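The values are calculated or read from the model by the stated rules, or taken from the named source; none is laboratory data. Just so it is clear, the model here is predicted, and its values are computed rather than measured. Note that we place each Cβ from the backbone using ideal geometry, even for glycine, and neighbour counts take in every protein chain shown. The accessibility values were calculated without ligands, DNA or RNA, using every heavy atom of the protein model including side chains. Shrake-Rupley method; radii C 1.70, N 1.55, O 1.52, S 1.80 Å.
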Amino acid sequence: MIDLNLLRLVPILAKEKNVTRAAQKANLSQSAFSHALNRLREQLKDEMFIRTRNGMEPTPYAAMMIPVIENALSKLDTATRGPSHFDPARDAHTFYIGAVDYFEFMFMPVLTARFKTIAPNVRLSVDILSETIKVERVEKGQLDAFIGVDTVQHIPHYFNRYPLISDHFVAIASVERTDLPETLTLQHLVSESQIHLPAVSSGADHIDSWLLSQHLYRPLATVVQSYAVGGRVAVATGYLMCVPFRIALELAKMLPLRIMALPDGAPSYDLLLLTHRLYDYQPAVQWLINELKAVKV
């Protein structure tokens, strides 16, 4: 095993190019520094530094190692300092979030407008990815949070869960579909062609699961990847689309759509904020969690 204290000396000597000055910088005697350098040479089986007329120059192997050592030492230094202070009014920071389309459609306009005022240097980067990729990236610390859907996907037990919003499903269709009643029946759902936006990338869906529990199926004419596209397709085709109520209200403001209630017993749509216990202790992530929980849409 390589002693990390020995590796710490490599970038110091590379910068100073002189053993005496490097020893002073490392708070060591010259003999202790030289002894440490000899130990490192033995362990790595490389000269590491060669004396030249320009001073001590790193060998190609040492030169290759220096940026790696500096990066590792920097990360260790950050980790051992403990949680750093976060000032949203002043600090520049980018949060990376994996999310479902509902979050991007409903939350991002509100959050971006709020951050413009209270956190002008904070950015949100949202990825609409598969749930498996989102979970893996949160576990690796590559995503700060994951906005998921309750009941239709597996959520590992080592995630912290925070309820964000609960919504109910309705149906939308072109305003020209005057033949449809204000409240649809199960017969409408199993006979009318529909546009489908899967709740999660695995294909699991609230409406399909609800109908399947009654041994019923609905005819899906097309599958889309966003509510905005689904709304436009509904206008163009006259097909039905089942969406959460808040989404329906926003789409009806932008497009000639009407909103219809679903039969009794239709499922709810519950959005969860998920963070990993390894990382969410950080002040910046805690601030983000509180902001997300406080959003009103």
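Rundown of residues vs (1) outside the structural domain of F105 (by the TED database); (2) farther than 23 Å from T222 by Cβ; (3) outside any loop (DSSP other than H, G, I, E, B), yes/no style:
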residue: T151; (1), (2), (3): no, yes, no
residue: N160; (1), (2), (3): no, yes, yes
residue: V170; (1), (2), (3): yes, no, yes
residue: A173; (1), (2), (3): yes, no, yes
residue: R177; (1), (2), (3): yes, no, no
residue: Q187; (1), (2), (3): yes, no, yes
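Kindly list the number of the only condition in (1) within 12 Å of the chain's Cα centre (by Cα); (2) surrounded by fewer than 18 Cβ atoms within 10 Å (Cβ to Cβ); (3) modelled with pLDDT under 75 that fails for V135.
Checking V135 against (1) within 12 Å of the chain's Cα centre (by Cα); (2) surrounded by fewer than 18 Cβ atoms within 10 Å (Cβ to Cβ); (3) modelled with pLDDT under 75, the one that fails is (2).
Residues in the range 231-248: is at least one touching a His at 6+ places or on another chain (Cβ under 7 Å), surrounded by 13 or more Cβ atoms within 10 Å (Cβ to Cβ) and either farther than 21 Å from V126 by Cβ or β-branched (V, I, T) (or both)?
yes
If the Cβ limit is 6 Å and pairs must be 6+ apart or interchain, which residue in the range 167-192 that is more than 22 Å from A236 (Cβ to Cβ) pairs with which residue that is part of a strand (DSSP E or B) and among the polar types (S, T, N, Q)?
Hits for this filter: H168/S268.
Within the range 230-237, identify whether any single residue is aliphatic (A, V, I, L, M) and closer than 23 Å to L164 by Cβ, and answer yes or no. I'd like the intermediate steps shown before the answer.
Step one: list which residues in the range 230-237 are aliphatic (A, V, I, L, M), which gives 233-236.
Next, from what is left, pick out any that are closer than 23 Å to L164 by Cβ: none.
Among the residues of the range 230-237, not one is aliphatic (A, V, I, L, M) and closer than 23 Å to L164 by Cβ, which makes the answer no.
Give the range 254-277 a look and list any residue that's at pLDDT below 90 and out of contact with any helix residue (DSSP H, G or I) (no Cβ under 8 Å at 6 or more places or on another chain), or say none.
Within the range 254-277, R277 is the sole residue that qualifies.
Can you list the helices (runs of 4 or more DSSP H) found entirely within the range 20-124 that contain at least 2 residues being open to solvent by 70 Å² or more (accessible area, probe 1.4 Å) and basic (K, R)?
Answer list for the range 20-124: 60-81, 101-118.
With respect to the numbered conditions (1) over 29 Å from the mean Cα position of the chain (by Cα); (2) in a helix (DSSP H, G or I), which one is the sole condition not fulfilled by G265?
(2)
Report the residue count in the range 273-297 for those that are open to solvent by less than 40 Å² (accessible area, probe 1.4 Å), touching a Phe, Trp or Tyr at 6+ places or on another chain (Cβ under 7 Å) and not in a helix (DSSP H, G or I).
Residues in the range 273-297 being open to solvent by less than 40 Å² (accessible area, probe 1.4 Å), touching a Phe, Trp or Tyr at 6+ places or on another chain (Cβ under 7 Å) and not in a helix (DSSP H, G or I): 5 in total.
Identify all residues within the range 181-198 that are in contact with a strand residue (DSSP E or B) (Cβ under 7 Å, 6 or more places away or on another chain) and open to solvent by less than 10 Å² (accessible area, probe 1.4 Å); write none if there are none.
Hits for the range 181-198 are L184, Q194, I195.
Just one of Y61, Y102 is in the same structural domain as L143 (by the TED database) and either among the hydroxyl-bearing types (S, T, Y) or over 30 Å from W287 (Cα atoms) (or both); which is it?
On the way: Y61 fails: in the same structural domain as L143 (by the TED database).
Exactly one residue qualifies, and that residue is Y102.
Can you pull out the residues in the range 199-212 that are surrounded by fewer than 17 Cβ atoms within 10 Å (Cβ to Cβ) and without any contact (Cβ under 8 Å) to a residue 60 or more places away in the chain?
Correct list: G203, A204, S209, L212.
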